[in-house]
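As structure tokens, the structure follows; a few thoughts come after it.
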Amino acid sequence: MQQGWLTRTFKGDRAIWGLVVLFMIYSLLAVYSSSVGVAFRNYGGNTTYFLKSQFIMLIVSLGIIVLVSYLPYRIYFSMAGLFLIISAGLLVLTLAFGARVNEATRWLVIPGTGFKLQTSDIAKLALVIYLARTLAKYQKELNNFMLVTKFFMVPIAIICALIMPENLSTAMMIFGISIIILFIGRVPLKFLLAYTGMAVVGILLFALVLTWVTDDNRVQVWKNRIEHYFSGVPDPDGDYQANQAKIAISTGGLFGKAPGRSTQRNMLPQSNSDFIFAIIIEEYGLLLGAIPLILAYLILLFRGVTIAKKCETGFPAFLVLGLIIMIVVQAFLNMLVAVGLFPVTGQTLPMVSWGRTSVLVMSFSIGVILSVSRVVNAKIKKEELPEEDTIEEGEKIYEPSKA
């Protein structure tokens, strides 16, 4: 049967493709509405600045998803270590030469372009791919504490340690995602509890040393956020954005104020990125804003698990699960922060918030997931076809390397 060009071009799990379209629609609508005031003030009255920027990034991200979905996923098995080394090098360069924005050095400016690269996003992706490869490779040796420490926890610790000085919340999120992936990968729970305890001690020692050797007030900021969160006592200065987000959510109600009618977008400095979920609820309400997005990420998680179950070898299964966990955990952290159930972390809403590096990294991740689903679906289709039928030309089945 002759396939349409859409089917031939956008291969892989159709539900995930549908979710990509949904995320992009929400992104364009919410980014434009939430950033009109900021764009007018900072870009000479050009209220469509962020809309145009996000539209271009989404077009680029769509191209990345399609391109990556056609690549054989087994290439990541052999290149996982190299990706991790490169990402660690980028983190070192960021600490040494990175651009300082909002009192934090988290971006590396690409010379001659002015493009700011948030290297922690790249390191997060590289670490997930590395963990998937290493879990598949050492699946039968995970009861060896020294082996797990050497090949799993040391790389995790290095990446988190390089991110922690300038972005503690991201380092903690990456550590948490890594622990979840290792738990799914059958690393013994007693090992993971031990590593978590070591990590807590390491963070406390780092904060103590930082207090002694520098006048930087970041430790006090971390302390204040945690104290005010658990005590329930509001912090008028440190909780400004969180308080404005709560106002946006409470005034949105079930049905919202209608698109473009947000008032809190003018009060929230990060209305188009970290707190875009609050603006979506304010304008679209609980029924058309919050619930559809929450369900979308849950469906993405479900589809990822479904794809992983169809994989015949460990690496593609761990790869899909790791990337899905990375996306969904970040999404729910963003939403929990917006509704005041979690301390402020500065994480964007994947594929929805305005951004550059984050959008590109998430697009690449979805492309990899679709690459695995394309191969799995093609193999199932081939097995179900009668002997005289064949897979359409160009649909080569890539067999993953045996871990």
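The values are calculated or read from the model by the stated rules, or taken from the named source; none is laboratory data. No experiment lies behind these values; they were computed from the predicted model shown. No Cβ is skipped: glycine too gets one built from the backbone with ideal geometry, and neighbour counts run over all protein chains shown.
The condition of being basic (Lys, Arg), under 21 Å from residue 274 (Cα atoms) and modelled with pLDDT under 95 holds for residue 116. Only a single criterion out of (1) surrounded by fewer than 22 Cβ atoms within 10 Å (Cβ to Cβ); (2) assigned to a helix (DSSP H, G or I); (3) in contact with an Asp or Glu (Cβ under 8 Å, 6 or more places away or on another chain); (4) not hydrophobic (A, V, I, L, M, F, W, C) is not satisfied by residue 289, namely (1). Counting only helices (runs of 4 or more DSSP H) that fall entirely inside segment 122-184 and contain at least 2 residues that are under 18 Å from the mean Cα position of the chain (by Cα), the qualifying elements are 154-163, 168-184. For segment 88-101, taking the residues that are small (Gly, Ala, Ser) and assigned to a helix (DSSP H, G or I), the one that is modelled with the lowest pLDDT is identified as 96.
Annotation: of all residues in segment 157-201 being without any contact (Cβ under 8 Å) to a residue 40 or more places away in the chain and not aliphatic (A, V, I, L, M), the one that is nearest to residue 94 (Cα to Cα) is 160. Listed by first and then second residue, the pairs linking a residue in segment 328-346 that is within 18 Å of residue 299 (Cα to Cα) to a residue that is part of a helix (DSSP H, G or I) and of a type in the set (Lys, Arg), with Cβ atoms under 8 Å apart and 6 or more places separating them unless they lie on different chains, form an empty list. Take the conditions out of contact with any Gly (no Cβ under 9 Å at 6 or more places or on another chain), at pLDDT below 90, among the basic types (Lys, Arg) and over 17 Å from residue 27 (Cα atoms) and apply them to residue 218. Does it pass? Yes. If only residues of segment 304-340 that are of a type in the set (S, T, N, Q) and either part of a helix (DSSP H, G or I) or under 13 Å from the mean Cα position of the chain (by Cα) (or both) are counted, the one that is surrounded by the fewest Cβ atoms within 10 Å (Cβ to Cβ) is 306.
Can you tell me which residue within segment 343-373, out of those that are farther than 22 Å from residue 127 by Cβ and surrounded by fewer than 24 Cβ atoms within 10 Å (Cβ to Cβ), is farthest from the chain's Cα centre (by Cα)? Checking each candidate, the answer is 343. For the residues 56, 85, the requirement of being surrounded by fewer than 20 Cβ atoms within 10 Å (Cβ to Cβ), at pLDDT below 95, under 21 Å from the mean Cα position of the chain (by Cα) and of a type in the set (Val, Ile, Thr) singles out 56.
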